[in-house]
Amino acid sequence: MTQSPSEETQASTKKPGPIIVARHGRPALDRAAGPRLSWQEYKDWWARYEIGSLADGQEAPQKLKDIVADSDVVLSSSRPRARETAMKAAPWADIESSELFWEANLPPPTWERVRFLPKTWNILARAAWLRGHKLDGEGIREAEARAEQAVDYLIDRAQEGQVFLAAHGWFNRMLRPRLRKRGWTCKQDGGDRYWSYRLYTFDE
C-alpha cells in the first residue's frame, strides 16, 4: 500500500536509535592465569582466546537484560564469547553476527628470552599494535577503517529502532569517538568491565 505524504514525512523524520553497545561476558580463558608464555606461545593463546566461549555459570546482569529488552535489532561479533553474550542478554532475539565487530588484533612484540602472563602480553601487544606492529594480522589502520564501517552500519540499522550490539572491549572503545563525531551522545556509561554497556542517543 502506498504511503500518504504525511506518513512518508513521519518515516523520514523518525528519530533513530538508541544504540546500546555492550562488552562480552567473562571468557573461559583467564588472562591472569599462568603459566608465563613466550611471544610465540602467547600468539597461540590469543588465537585460542578468540575462538573460545564464555566461562561457565554466567548469566547476563538483569540491568543489561532490561535495557536491551525493547531492541529492534540485535547484533554481535561473530566470536563465540560475543555471540553467547548477546544470546544471554536477549534470548528472544534473532541475532545477526558479523566479523565487522571482531576485537582489534593483539600481536605480541617478538621479544626473545622473555616470558610473561597473558595479561601482561595483552598490554604489551596493544601498545605495539597502536604503534603499527601487526605481525600477520590486522593493523591499526585497517581496524580504524573497520570501525568507521561498523559505526556507519550501526547508525543505518538504528533507523529501524533500538539497536543492541554485543562486542569487545577495545573495539567498542574505537566506536565511541566515531559515534560522537556523527552526533551521538553517551547517555549511560557502564564502564568497561565484562557485561558492561553504554547507551547512545542521537541528538540533533
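What the phi angles of the range 196-203 give under the Karplus curve with 6.51, -1.76 and 1.60, with θ = phi - 60°, is a coupling list of 6, 8, 10, 10, 10, 10, 8, 10 Hz, glycine and proline written as x.
Build a GNM of the chain with springs between Cα atoms under 10 Å apart, and of 77, 38, 97 the one that fluctuates most is 38. The calculated 222 nm mean residue ellipticity attributable to helices in the chain amounts to -12500 deg cm²/dmol, summing -39500 (n - 2.57) over DSSP H runs of n ≥ 4 and dividing by all residues. Taking a cut-off of 28 Å between Cα atoms, list the lysines near residue 187, but don't count ones fewer than 8 places away on the same chain. Qualifying lysines at Cα under 28 Å: 14, 15, 63, 65, 88.
For the chain, the longest principal axis of the alpha carbon atoms and the long axis of helix 39-50 meet at an angle near 30°. Available extension along the chain between residue 65 and residue 187 is 42.2 nm, counting 0.36 nm per residue and deducting the alpha carbon span. Cross-link partners of residue 43 among aspartates and glutamates, defined as those whose alpha carbon lies under 18 angstrom from its own and excluding same-chain residues fewer than eight positions apart: 30, 103, 112, 136, 138.
If you run the Gaussian network model on the chain, springs between alpha carbon atoms under 10 Å, then out of 17, 57, 190 the most flexible one is 57. Exposure check, 1.4 Å probe, all protein chains in place: residue 119 carries approximately 100 Å² of accessible surface. Residues whose amide H comes within less than 5 Å of that of residue 76, counting only those at least five positions distant or on another chain, are 96, 97, 98, 166 (H built at 1.01 Å from N in the peptide plane).
Note down the net charge around residue 185, summing +1 for each Lys or Arg and -1 for each Asp or Glu among other residues with Cβ under 12 Å from its Cβ. Don't skip to the end; give the middle numbers.
Values: positive: 176, 180, 181, 182, 187, 198; negative: 189, 203, 204.
Net of charged neighbours comes to +3.
For the range 81-122, the residues whose backbone nitrogen is under 20 Å from a point 7 Å from the Cα of residue 140, taken along Cα to Cβ, are 102-111, 120-122. For the chain, averaging the sequence separation of C-alpha pairs within contact (under 8 Å, six or more residues apart) and dividing by the residue count gives a relative contact order of 35 percent. The long axis of helix 140-158 is offset from the longest Cα principal axis of the chain by roughly 30 degrees.
The values are calculated or read from the model by the stated rules, or taken from the named source; none is laboratory data. Since this is a predicted model, take the numbers as computed values, not measurements. Don't worry about glycine lacking a Cβ; one is built from the backbone with ideal geometry, like all the others, and counts go over all protein chains shown. Heads up: the accessible areas ignore ligands, DNA and RNA and are worked out on the full protein's heavy atoms, side chains in. Shrake-Rupley method; radii C 1.70, N 1.55, O 1.52, S 1.80 Å.
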